[in-house]
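Quick notes on the structure that follows.
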């Protein structure tokens, strides 16, 4: 199984992409949270026009992370990333593109409610519509959950 990976590596002339693009999030590793903060600060501090104003992440991001950090599986430093893993005894790679999801404050809980989902976040930007003074979030994410992972999670919950 790893022979294919080694052969592909050798055929590429020993070129390795040493840039890490995906950071796990967990109690023992908050590097992904640090990357998310950097992405949010970079993307959430620009005001594009007079109808929508982005809210500086230093005002809201701490509360957001306090509530949802454990629902984030990974953070990516690019909106497009690749995951290489073993599936059915073979090494496979898959490229993921981040999707955009706009949520009002009251919709965030619903977005993060499924505890079996594996979310990869790229960024979260909070902005205010200055016409009607409503706050919204633009979440750039990928759902990398395999069907069997969600199914197994639901079954375990029913049995426990």
Exercise for the section: Evaluate the distance, in nm, between pseudo-label points positioned 7 Å from the Cα of residue 77 and of residue 102 along their respective Cα→Cβ axes. Expected result: 3.1 nm
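Taking 0.36 nm per residue of sequence separation and subtracting the Cα-Cα distance, how much length would be gained by fully extending the chain between residue 52 and residue 94, in nm to one decimal?
On the way: separation 42, 0.36 × 42 = 15.12 nm, distance 3.52 nm.
Between residue 52 and residue 94, full extension yields an extra 11.6 nm.
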Completion exercise
Length gained, residue 143-residue 38, 0.36 nm per residue minus C-alpha separation, equals 35.7 nm
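Peptides 86-95, 148-157: what's the order by average Cβ count within 10 Å, highest mean first?
Working: 86-95: 9.3, 148-157: 11.8.
Averaged packing, sorted descending, gives the order 148-157, 86-95.
Extension gain residue 160-residue 66, at 0.36 nm per residue separation less the Cα-Cα distance, in nm? Spell out each step's value before the answer.
Numbers: separation 94, 0.36 × 94 = 33.84 nm, distance 2.71 nm.
So the extension gain works out to 31.1 nm.
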Completion exercise
Using alpha-carbon coordinates alone, the radius of gyration and Dmax of segment 15-160 in Å work out to 16.8, 55
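For the pair residue 133 and residue 87, what calculated FRET efficiency results from E = 1/(1 + (r/R0)^6), where r is the Cβ-Cβ distance and R0 = 41 Å, to the nearest 0.05? Let's see the in-between values first.
On the way: r = 48 Å, r/R0 = 1.17.
The value I calculate is 0.30.
We did not get these values from a lab; they are worked out from the coordinates using the rules stated. From a predicted model like this one, the values you see are computed outputs, not experimental measurements. All Cβ positions, even for glycine, are placed from backbone atoms using ideal geometry, and neighbour counts span all protein chains on display.
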